[in-house]
Amino acid sequence: MISRRGFLAGTAGVAMAGFAGIRISQAATFESINIFIPGSPGGGWDLTGRVIDEVMKKNGLIGNSRITNAGGAGGTIGLPQFINQYDGEADALFVAGAIMVGTTITNNTPVDLTMLKPVARLTGEYQVLVVPSASPVQNLTDFVALLKKDPRSVTWAGGAPGGTDHIFACMIAKAAGVALGDLSYVAYTGGGGEAMASLLGNQVSCGISGYGEFAEQIKAGNLRAIAISAPERVSGIEVPTLVEQGVDVTISNWRGVFGAPNIGDEVKALIDLTTTMVQTRDWKDQLATRGWSDQFLPGAEFAAYLEKDTIATRSVLVDLGLAK
């Protein structure tokens, strides 16, 4: 079984143990803050950044804010822009996640997340496989049968090559015995909005993303969720897992925030800011509403996790033939 579940579960446990001992304190508020989102409006990073902005403002943690979107190539277009524009600036937050770990490895980019200051891992989200409501595919058994019969005819809408969506698609194909060279994966590198449009327009066979990005369309009946990448059923989400349907695949997608390069000890103020934010009722309500799991890890703990995640992601990508 290809899975990052082991160390993800372990570090999530550490996070919750540490979180239990945190008390809400008077964190220094920011008069203004820049939230940089390396994805287009409508995607998971965009949603995360805007929720952060909303919760911080509502709880008086920040005054003014500026949100910048710079989508494309799984975040690898926005990342160098952020590094160049905000180097040494202590009032900037960069939203990122597991997808960017994969895309920087796959594309062998000259910059990566190790150049930033880890502030906090915030959430974890399982991937969901959906089909348009008009699709004849009713469940994972139907989907796998179609995939085996004619893999090239099954078009997948997902994020950037090498990202979590792409890895998830490859894992399903590999478990089904389908050659990865026959996978018709359509990468929407600008963000989830483009992938959603292709699904709702019946231009692709299926789509992959975090549950939160598809939740409204699933509830509205426009998309049919046929499997979720969790090891067991997720509370509040009525979608069967791949495991329970006989496909032994699990994967989780984390999201978090980083500070700019060369800000030194000033990163502590950003860590305090996010630590206070995640303890608010508004943040917890957002987690419940959007199906996000609380995977808070501050500062140094997040940095240690990122190092492990990078090693594990590279291993999976090499196994899938997406990296060397």
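For Ser235, the conditions (1) closer than 16 Å to Glu125 by Cβ; (2) open to solvent by less than 10 Å² (accessible area, probe 1.4 Å) all hold with the exception of (2). Applying the criterion of at least 1 residues that are modelled with pLDDT under 95 to the strands (runs of 3 or more DSSP E) found wholly in segment 215-309 leaves 252-259, 293-298. Here Ser65 fits the description: out of contact with any Phe, Trp or Tyr (no Cβ under 7 Å at 6 or more places or on another chain), part of a strand (DSSP E or B) and touching a residue at least 12 places away in the same chain (Cβ under 8 Å).
Quick grid of which residues meet (1) part of a loop (DSSP other than H, G, I, E, B); (2) over 20 Å from Trp254 (Cα atoms):
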site: Thr141; (1), (2): no, yes
site: Met171; (1), (2): no, no
site: Gly177; (1), (2): yes, yes
site: Gly181; (1), (2): no, yes
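Screening Asn202 on (1) on the phi > 0 side of the Ramachandran plot; (2) open to solvent by less than 10 Å² (accessible area, probe 1.4 Å); (3) touching a strand residue (DSSP E or B) at 6+ places or on another chain (Cβ under 8 Å) shows it passes everything except condition (2). Applying a threshold of 8 Å to beta carbon distances and a minimum spacing of six or more residues, or different chains, the list of pairs starting in segment 261-276 at a residue that is farther than 20 Å from Gly60 by Cα and ending at one that is aliphatic (A, V, I, L, M) and in a helix (DSSP H, G or I) reads Pro261/Ile83; Pro261/Met115. Against the conditions (1) over 30 Å from Asp272 (Cβ atoms); (2) under 19 Å from the mean Cα position of the chain (by Cα), Gln138 satisfies every one except (2).
In summary, Thr189 fulfils each of the numbered conditions (1) open to solvent by 50 Å² or more (accessible area, probe 1.4 Å); (2) under 22 Å from Ser315 (Cα atoms); (3) within 16 Å of the chain's Cα centre (by Cα) with the single exception of condition (2). The lone criterion from (1) farther than 30 Å from Thr241 by Cα; (2) open to solvent by 20 Å² or more (accessible area, probe 1.4 Å); (3) not hydrophobic (A, V, I, L, M, F, W, C) left unmet by Tyr126 is number (1).
The values are calculated or read from the model by the stated rules, or taken from the named source; none is laboratory data. This structure is a prediction, so every number in the text was calculated from the model and none was measured. No Cβ is skipped: glycine too gets one built from the backbone with ideal geometry, and neighbour counts run over all protein chains shown. For the accessible areas, the whole protein counts, side chains as well, though only heavy atoms, and no ligand, DNA or RNA atoms are used. Shrake-Rupley method; radii C 1.70, N 1.55, O 1.52, S 1.80 Å.
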